[in-house]
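Structure first, then comments.
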Amino acid sequence: MTSPSTDGASRRHRVVVVGGGFGGLHAVRALRGAPVEITLVDRRNYHLFQPLVYQVATGALSPGEIAVPLRHIFQRDRNVRVVLGEVTRIDLHGRQLLYRPAESDHGDDRGTLAYDSLVVAAGSSYSYFGRDEWGTLAPSVKSIEDAIEVRRRILAAFEAAEIETDPARKQALLDLETVQVRDRRGGSRTTENEFSTVQT
Ligand SMILES: Cc1cc2nc3c(=O)[nH]c(=O)nc-3n(C[C@H](O)[C@H](O)[C@H](O)COP(=O)(O)OP(=O)(O)OC[C@H]3O[C@@H](n4cnc5c(N)ncnc54)[C@H](O)[C@@H]3O)c2cc1C
């Protein structure tokens with residue numbers, strides 16, 4: 001697949017994929033045999049297997065067991081390039097996105113990536129239903145950083161219980177609560193009904 005460049009010559013179609021989670025990986029895998037140039041940009045240089053983040057948070061697995069470097073996944077695919085950076089802006093009209101490179105000293109958006117087709121698979125974040133202060137007590141469990149923080153809290157509570165002499169207080173330190181909130185329609189149907197596409 002070719003696209004005309006500004007000087008009239010043809011070049012390979014450029015696909016930029018934002019996000020190396022399940023969504024981004026599937027998009028790149030589906031396209032890697034196609035005659036296109038793919039750039040996968042993520043603020044992390046690894047794919048995180050999110051369903052196992054709980055196991056890291058509870059000490060059953062180590063972080064390295066649920067994270068695979070993106071470059072390793074696509075090392076044999078000559079038309080796939082991996083870029084480490086935080087995407088900060090998408091210029092739909094100019095068909096380019098701006099990103100902050102990983103080690104940017106200035107915190108500015110110095111990187112640009114031009115595209116012919118863009119796939120945005122940047123994931124989601126927790127909702128506390130307007131009660132963001134709950135986040136301090138019930139942190140998200142979506143990243144390695146989250147998991148390590150939750151694990152730290154659990155182990156610190158167990159250590160405190162170990163030296164606690166008051167039985168009631170000891171029990172309180174050993175009690176853990178997990179909270180799952182479902183929307184009124186029943187969780188899984190949320191994304192199904194809220195998916196949308198943008199064509200430019
Ligand atoms: C603890 C837990 C357990 C789960 N268990 C299950 C399960 O059993 N079964 C199931 O089907 N699903 C499960 N899920 C849900 C499933 O893991 C997610 O739906 C899936 O990982 C979402 O994939 P994604 O590609 O949309 O987003 P993500 O995996 O979040 O990937 C988004 C990527 O985009 C990158 N990114 C985001 N913003 C930017 C930016 N501005 N610039 C650059 N990069 C950016 C992120 O670094 C990330 O790599 C679970 C989720 C969690 C947290």
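Readers should treat all values here as calculations from the given coordinates under stated rules, not as data from a laboratory. This is a predicted model, so every value here is computed, not measured. Because the Cβ atoms are built from the backbone with ideal geometry, glycine has one as well, and the counts that use them run over all protein chains shown.
Observations, loosely collected:
- Convex hull (Cα only) mean projected area of segment 33-87, reported in nm² to one decimal: 4.6 nm²
- Sorting the segments 26-33, 120-127 by their residues' average number of neighbouring beta-carbon atoms within 10 angstrom, most packed first, yields 26-33, 120-127.
- Protection-proxy order for peptides 35-48, 136-149, each taking the mean of Cβ atoms within 10 Å per residue, highest first: 35-48, 136-149
- ³J(HN,Hα) computed for each position of segment 121-126 - Karplus, 6.51 cos²θ - 1.76 cosθ + 1.60, integer Hz, glycine/proline x: 10, 8, x, 9, 10, 5
- Sorting the segments 72-81, 162-171 by their residues' average number of neighbouring beta-carbon atoms within 10 angstrom, most packed first, yields 72-81, 162-171.
- Spin-label pair Phe49-Arg95: with each label point 7 Å from Cα along the Cα-Cβ axis, the two points sit 3.8 nm from one another.
- Shape descriptor for segment 134-174: Rg over Rh equals 1.09 (Cα atoms; Rh from the Kirkwood inverse mean 1/r).
- The reciprocal of the average 1/r between distinct C-alpha atoms defines the Kirkwood hydrodynamic radius, which for segment 11-123 equals 14.8 Å.
- From phi via Karplus (6.51, -1.76, 1.60), per-residue ³J(HN,Hα) for segment 60-77 in Hz, x at Gly/Pro: 7, 10, 9, x, x, 7, 10, 10, 10, x, 4, 5, 5, 4, 10, 4, 8, 9
- A full extension of the chain between Thr136 and Ala161 corresponds to an added length of 6.9 nm, given 0.36 nm per residue minus the alpha carbon distance.
- For Val120, residues with placed amide H under 5 Å, excluding near neighbours: Val18
- Selection from Gly135, Ile154, Gln171, by position along the positive dipole direction of segment 134-174 (Cβ): Gly135
- Förster radius 25 Å - calculated FRET efficiency between Ser124 and Arg29, Cβ distance, rounded to 0.05: 0.75
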